[in-house]
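The values are calculated or read from the model by the stated rules, or taken from the named source; none is laboratory data. These numbers come from a predicted model, not from an experiment. Don't worry about glycine lacking a Cβ; one is built from the backbone with ideal geometry, like all the others, and counts go over all protein chains shown.
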Amino acid sequence: MSEIDFQQLVDRYYAPLYRFALSLSRSEVDAADLTQQTFFLWASKGNQLRDRSKARSWLFTTLYREFLSRRRHEVCFPKVELDDVREQEMSISPTVNAFDRATVLQALREVEEPFRAPLTLFYLEQFSYQEIADVLEVPAGTVMSRLSRGKALLRQRLLSKKEVLENKVVAFQSDKGKESHG
Amino acid sequence: MDNREAKFILNAYRPGGQDASDPRFADALEQARRDPILERWFSESIAFDAAMTEKLRAAEVPPDLRETILAGVKASRPLRWSKPFIKLAIAAALISMAILSSLIWHETRRAPLAEWQNQALDVVSSLVRNESSFDAQSHNADELLVWLRANHAPAAQKLPDNLGKLESIGCKTFSWNGIPVSVICFMRRDGGLIHLVTMNASAASDRAIRRKANLVQRGDWSTATWREGDIIYMLALEGSPDQLRTYLL
């Protein structure tokens, strides 16, 4: 791959890869490092990829593998039993536009990792369920299941953020009320 | 298919409509068309997904990330000599120095250098004698510093001014007691070589190293060691301490 081709590849994918990494990792520094490492790996191994149309999938898969590999060396995440996640009532749908992007990103990052990775690929790059299955190396049915449960968890996190916001407002009014009576 | 099953499948339907022709969604989409409650849920779900996409795509990316990736990958590639005659000149200088070193070899007392410094000089000597090779090569020291940082090796924050003006040859990393150390070799204007060894201060056993450079002569080698923040530096050349001093400015 020529330097120009490589530069085009970086231009096309560095931002979505960084955002994917940001949703997986706990800090911006880690996300940038994961993104960089992915392109280093491409530079050293990616040229072996014969079908260039699979570059996108290769990059996201590599970043995810790198994330999993690093995570093994860190403190283990609390284990989530996939079947224990309760399906939330789908009619309760918080308005995403009511939140700023930092809050939305935070809500996504609070979703447990097995659900977070497919959700991020689905939203960020609009990967199909089959493409997500290829990247995460899990069956397509598992992806559908994780998307369904992941969305329920995401709505739950957003609702809890909405409640926190509303409680803050109530507390403020309550204090004000005390002052007026005092 | 009941609504619960249809919702399960439609949750994987992309908000951009790319999956409209995927047969796996056909029955669920048909169900949503027939059932007003499911249709409303589906429409809300698509709106939710589209809003999520928009919010997440707006997440800011560090402004220097692209340049850092390109510079880092470029520096990681094995670099080629841009001018063949420079390669020949350096090879000749290395051979001459190796021969000269053996001719003027004389017994010297062991100077008070720490263990890591002695090992660093051994690594440098093996590079000079062509017994080992550089990990990365470039005439631009900044590219070597980028390469070192990208490979999690200790790297100078800033080179001393007179050293920064020299053309670099290459860099090598090695380990002392499991602690990473790096060395960058430069070509002096008089045809000789000079080497900058870098190590993180927290890892150094010698706590006596100060900000002011300490000059020590060991055999044909002159070394200057100093500390800047969390990094310990050692500059070394085969020559006199006076020759070395000019590169500390």
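What to note about this one:
- Residues of the range B:126-168 satisfying the condition of being surrounded by 14 or more Cβ atoms within 10 Å (Cβ to Cβ) and more than 20 Å from residue B:188 (Cα to Cα): B:132, B:135, B:146, B:147, B:148, B:149, B:150, B:151, B:153, B:154, B:155
- Condition check for residue B:236: at pLDDT 90 or above, among the small types (Gly, Ala, Ser), part of a strand (DSSP E or B) and farther than 10 Å from residue B:117 by Cβ: no
- Here residue B:175 fulfils each of the conditions (1) touching a residue at least 12 places away in the same chain (Cβ under 8 Å); (2) over 26 Å from residue B:190 (Cα atoms) apart from (1).
- Residues of the range B:163-187 that are modelled with pLDDT under 85 and at negative phi: B:175, B:176, B:179.
- Scope the range B:136-177; condition under 23 Å from residue B:201 (Cα atoms), part of a loop (DSSP other than H, G, I, E, B) and not aliphatic (A, V, I, L, M); matching residues: B:151, B:152, B:154, B:157, B:158, B:160, B:177
- Scanning the range A:26-85 for residues that are modelled with pLDDT of 85 or more and either of a type in the set (Val, Ile, Thr) or part of a loop (DSSP other than H, G, I, E, B) (or both) turns up A:35, A:38, A:61, A:62.
- Looking across the range A:5-28, just one residue is of a type in the set (A, V, I, L, M, F, W, C), closer than 17 Å to residue A:106 by Cα and facing chain B (nearest Cβ under 9 Å), and that is A:22.
- Boolean, residue B:21 is more than 9 Å from chain A (Cβ to nearest Cβ), assigned to a helix (DSSP H, G or I) and exposed (fewer than 12 other Cβ atoms within 10 Å of the Cβ): no
- Total residues in the range B:34-78, condition under 30 Å from residue B:147 (Cβ atoms) and either within 10 Å of chain A (Cβ to nearest Cβ) or assigned to a helix (DSSP H, G or I) (or both): 18
- The listed residues are B:159, B:193, B:215, B:145, and the only one of them that is within 20 Å of residue B:119 (Cα to Cα) and without any contact (Cβ under 8 Å) to a residue 60 or more places away in the chain turns out to be B:215.
- The lone exception for residue A:130 - which of (1) surrounded by fewer than 16 Cβ atoms within 10 Å (Cβ to Cβ); (2) at pLDDT below 90; (3) over 15 Å from the mean Cα position of the chain (by Cα) it fails: (2)
- Residues in the range B:1-17 that are at pLDDT 90 or above and not in a helix (DSSP H, G or I) were compared, and the one that is nearest to residue A:140 (Cα to Cα) is B:12.
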